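K.L.:
The structure's right below; bear with me while I get my questions together.
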Amino acid sequence: MDKATQTHMILGYCAINGSITVREAFTELNINSPTKRISEIRKSGLYKVEDIEESRTDQNGITKRWKRYFITPLEGETKCL
């Protein structure tokens, strides 16, 4: 799958679900380099990319951390790259 397709899949997922994590991109969209695609979206200047850190402690007391990305078009910009 090419970069443009992966990028559009991430943007579409965020439009429908409001946000995306790297794990969601891996498991639900089969994108192998989601952080690279998100970085490219951010650098394009067409989208506002915000992230928050989330965490969960498993049954063994190990805390897992990850980022959730919120990607929205900037005011007056089109919704595709």
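The values are calculated or read from the model by the stated rules, or taken from the named source; none is laboratory data. Remember, it's a predicted structure, so these values are computed and weren't measured experimentally. For neighbour counting, all protein chains shown are included, and Cβ atoms are generated from backbone atoms with ideal geometry for every residue, glycine included. Note: accessible area is taken over every heavy atom of the protein model, side chains too, but ligands, DNA and RNA are not part of it. Shrake-Rupley method; radii C 1.70, N 1.55, O 1.52, S 1.80 Å.
K.L.:
Tell me yes or no: at least one residue of region 36-55 is surrounded by 13 or more Cβ atoms within 10 Å (Cβ to Cβ), under 17 Å from M1 (Cα atoms) and polar (S, T, N, Q).
P.N.:
No, because not a single residue in region 36-55 is surrounded by 13 or more Cβ atoms within 10 Å (Cβ to Cβ), under 17 Å from M1 (Cα atoms) and polar (S, T, N, Q).
K.L.:
Can I ask one more? For I62, indicate whether it is without any contact (Cβ under 8 Å) to a residue 40 or more places away in the chain and open to solvent by 60 Å² or more (accessible area, probe 1.4 Å).
P.N.:
The answer is yes for I62.
K.L.:
Taking the conditions exactly as written (hydrophobic (A, V, I, L, M, F, W, C), modelled with pLDDT of 95 or more and open to solvent by less than 90 Å² (accessible area, probe 1.4 Å)), does I31 satisfy them or not?
P.N.:
yes
K.L.:
Taking the conditions exactly as written (in contact (Cβ under 8 Å) with a residue 24 or more places away in the chain, part of a helix (DSSP H, G or I) and either farther than 18 Å from K3 by Cβ or open to solvent by less than 50 Å² (accessible area, probe 1.4 Å) (or both)), does R23 satisfy them or not?
P.N.:
Yes, satisfied.
K.L.:
Another one. Please work out which one of (1) open to solvent by less than 30 Å² (accessible area, probe 1.4 Å); (2) assigned to a strand (DSSP E or B) is the condition I10 fails and give its number.
P.N.:
The single condition I10 does not satisfy is (2).
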